[in-house]
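A.B. asks: Below you'll find the structure I mean.
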Amino acid sequence: MVAPQDPREEVIQAWYMDDSDEDQRLPHHKDPKEFVSLDQLSELGVLSWRLDADNYETDEELKKIREDRGYSYMDFCEVCPEKLPNYEEKIKNFFEEHLHTDEEIRYCVAGSGYFDVRDRNEKWIRIWVKKGGMIVLPAGCYHRFTLDTDNYIKAMRLFVGDPVWTPFNRPHDHLPARKGYVQNFLQKEAGDSPIDAAA
């Protein structure tokens, strides 16, 4: 019997990236494709949910996540050429590898985009987040963001307390947040779960 698909996989997918220098907004799959499971992402500290993006104002599940995790602050960020001032510069900055000293919480309520993180061997994993997908990148996790070829995402940004969006471009290995991330996630034994090969 086939195991039921995790509903999160309809709105969040991840795969190892190729080394191509082509447009950052392309999928950048390897050949053959190498998918990464959401369980493997969680081993790197990346948490994920599937939520009801059409009813985020009244969604009890979102309310519970916010209460459980202390996400008191909330706003929205639209990333597209028409809505984001200094769009080209901002997109370039988002794609610089960086970390934050707090969690980065993004809930995609419209559109889609790519969040790239590194595995324990420094290989890039591309996480495609679509409408209804919410992810948490842990403090101290090097990452970058880009739109996909649809050039649009509207994301809810959540934060514990007053928001601090300061990016620290790599290298910032001396920061306590980075040391904590390395200790908690990168120095653990890697799981033996096989990578899902593309069908």
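The values are calculated or read from the model by the stated rules, or taken from the named source; none is laboratory data. This one's a predicted model, so the numbers in the text were calculated from it and none came from an experiment. We place every Cβ from the backbone using ideal geometry, glycine too, and count neighbours over all the protein chains shown. We work out accessible area using only protein heavy atoms, side chains counted, and drop any ligands, DNA or RNA first. Shrake-Rupley method; radii C 1.70, N 1.55, O 1.52, S 1.80 Å.
A.B. asks: Under 8 Å for C-alpha pairs, at least 6 residues apart: give me the relative contact order for the chain, rounded to a whole percent. Mind dumping the intermediate values first?
C.D. replies: Working: 386 pairs, mean separation 59.1, N = 199.
Averaging sequence separation for qualifying contacts and normalising by length gives 30 percent for the chain.
A.B. asks: Amide H of residue 112: which non-local residues (sequence gap of 5 or more, or other chain) have their own amide H closer than 5 Å, using H built in the peptide plane?
C.D. replies: Distant-sequence amide H within range of residue 112: 152, 153, 154.
A.B. asks: Further question on the same structure: Cross-link candidates for residue 179: which aspartates and glutamates have Cα within less than 19 Å, leaving aside residues fewer than 8 places away along the same chain?
C.D. replies: Within the straight-line cut-off, residue 179 pairs with 43, 97, 102, 103, 104, 119, 122, 189.
A.B. asks: FRET efficiency for residue 68 and residue 157, Cβ-Cβ distance as r, R0 = 22 Å, nearest 0.05?
C.D. replies: Values: r = 18 Å, r/R0 = 0.81.
Efficiency, from the Cβ-Cβ distance: 0.80.
A.B. asks: Of all the accessible heavy-atom surface of segment 7-166, with the other protein chains kept in place and a 1.4 Å probe, what percent is carbon and sulfur?
C.D. replies: On the way: 3550 of 7800 Å².
Answer for segment 7-166 is 46 percent, counting heavy atoms of protein chains only.
A.B. asks: Let me ask you something else. Counting only GluC sites (Glu not before Pro) that sit in a DSSP loop (anything but H, G, I, E, B) with at most 11 other Cβ atoms within 10 Å, what is the longest stretch of the chain containing none of them?
C.D. replies: Values: sites that count: 22, 57, 82, 96, 122, 189.
Longest site-free region, per DSSP loop and neighbour criteria: 123-188.
A.B. asks: For the full complex of protein chains and a 1.4 angstrom probe, list 68, 102, 116 by accessible area with the highest value first.
C.D. replies: So the residues, ranked largest to smallest area, are 68, 102, 116.
A.B. asks: Accessible area per residue of the chain at 1.4 Å probe, in Å²?
C.D. replies: Details: 11060 Å² over 199 residues.
Per residue, the chain has an accessible area of 56 Å².
A.B. asks: Further, regarding this structure: Rounded to whole Hz and in sequence order, give me ³J(HN,Hα) for segment 167-174 from the Karplus expression 6.51 cos²θ - 1.76 cosθ + 1.60, θ = phi - 60°, writing x for Gly and Pro.
C.D. replies: So the Karplus estimates, Gly and Pro as x, are x, 10, 5, 4, x, 9, 5, 7 Hz.
A.B. asks: I've got another one for you. Considering the values (1) 12.4; (2) 19.0; (3) 18.0, which represents mean projected area of the Cα convex hull in nm² as calculated for the structure under consideration?
C.D. replies: Comparing each candidate, only (1) matches the computed number.
A.B. asks: Sum up the lysine pairs in segment 7-166 that clear both bars: alpha-carbon distance under 17 Å and a spacing of 8 or more or different chains.
C.D. replies: On the way: 30/123; 33/123; 83/92; 83/154; 90/154; 130/154; 131/154.
For segment 7-166, the number of qualifying lysine pairs is 7.
A.B. asks: Distance in nm between label sites at residue 80 and residue 150, each 7 Å beyond Cα in the beta-carbon direction?
C.D. replies: Taking the simple label geometry, residue 80 and residue 150 are separated by 1.0 nm.
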